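Got a structure for you, questions after.
The values are calculated or read from the model by the stated rules, or taken from the named source; none is laboratory data. Note that this is a predicted model, so its numbers are computed, not measured. With ideal geometry, Cβ positions are generated from the backbone for all residues, glycine too; neighbour counts draw on all protein chains shown. All accessible areas refer to the heavy atoms of the entire protein, side chains included, with ligands and DNA or RNA removed. Shrake-Rupley method; radii C 1.70, N 1.55, O 1.52, S 1.80 Å.
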Amino acid sequence: MLAHNVFFSLNDPTPENTQKLLDDCNEYLNNHPGLIFFGCGTVVPDLARPVNDHDFDVALHTVFEDRAAHDVYQTAPRHLEFIARNKETWKQVRVFDSQD
């Protein structure tokens, strides 16, 4: 399996902009071939231990059955459409990939 986690910081993190990004994650990034887990959400502000990182607005969590499925996803038309629709709103994007 390959876990692909993406943490988005928005230029203007209003509730409306955050919800739009969440909606687009659900519409464009879910239900891809080989995707075995999908989730997206926002920071939990009251989980504030010293190790908690709150430097993001929206988190995307996906797990693919293998590296090949992940690689196909990266160039899938819906994934590319998501990027085109949203990239101007991003202040920072951090990606964390790990393999089992």
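Can you tell which of V43, N5, L80 lies farthest toward the positive end of the dipole of the chain, using +1 and -1 charges on the Cβ of basic and acidic side chains (Lys, Arg; Asp, Glu)?
After comparing all options, I get L80.
Now for a different question. Probe radius 1.4 Å, ligands and nucleic acids ignored: give me the carbon and sulfur share of the accessible area of the chain as a rounded percent.
Ligands and nucleic acids excluded, carbon and sulfur reach 53 percent.
What accessible area, in Å² to the nearest ten, does a 1.4 Å probe give for I36?
About 100 Å², ignoring ligands and nucleic acids.
Which order do T89, T18 take by accessible area at a 1.4 Å probe, largest first?
T89, T18
May I pose another question? How do V72, V63 stack up against each other in accessible area, from largest to smallest, with a 1.4 angstrom probe?
Numbers: V72 95, V63 35 Å².
The ordering from most to least exposed comes out as V72, V63.
Also: Could you order H54, H70 by accessible surface area, starting with the largest, using a probe radius of 1.4 Å? Working shown, then result.
Working: H54 75, H70 15 Å².
Descending order: H54, H70.
When ligands, DNA and RNA are left out and all protein chains stay put, how many square angstrom of accessible area per residue does the chain have with a 1.4 Å probe? It would help to have the intermediate numbers written out before the result.
Working: 6090 Å² over 100 residues.
Accessible area per residue: 61 Å².
Now a separate question. Evaluated at 4 °C with a viscosity of 1.567 mPa s, what Stokes-Einstein diffusion coefficient in µm²/s does the chain have when Rh comes from the Kirkwood expression over alpha-carbon pairs? Write down the numbers at each step before the final one.
Working: Rh = 14.1 Å.
My calculation gives 92 µm²/s for D.
Mind checking the dipole of the stretch 4-76: about its Cα centre, +1 per Lys or Arg Cβ, -1 per Asp or Glu Cβ, Debye to the nearest 20?
On the way: 3 positive and 12 negative charges, 36 e Å.
About 180 debye.
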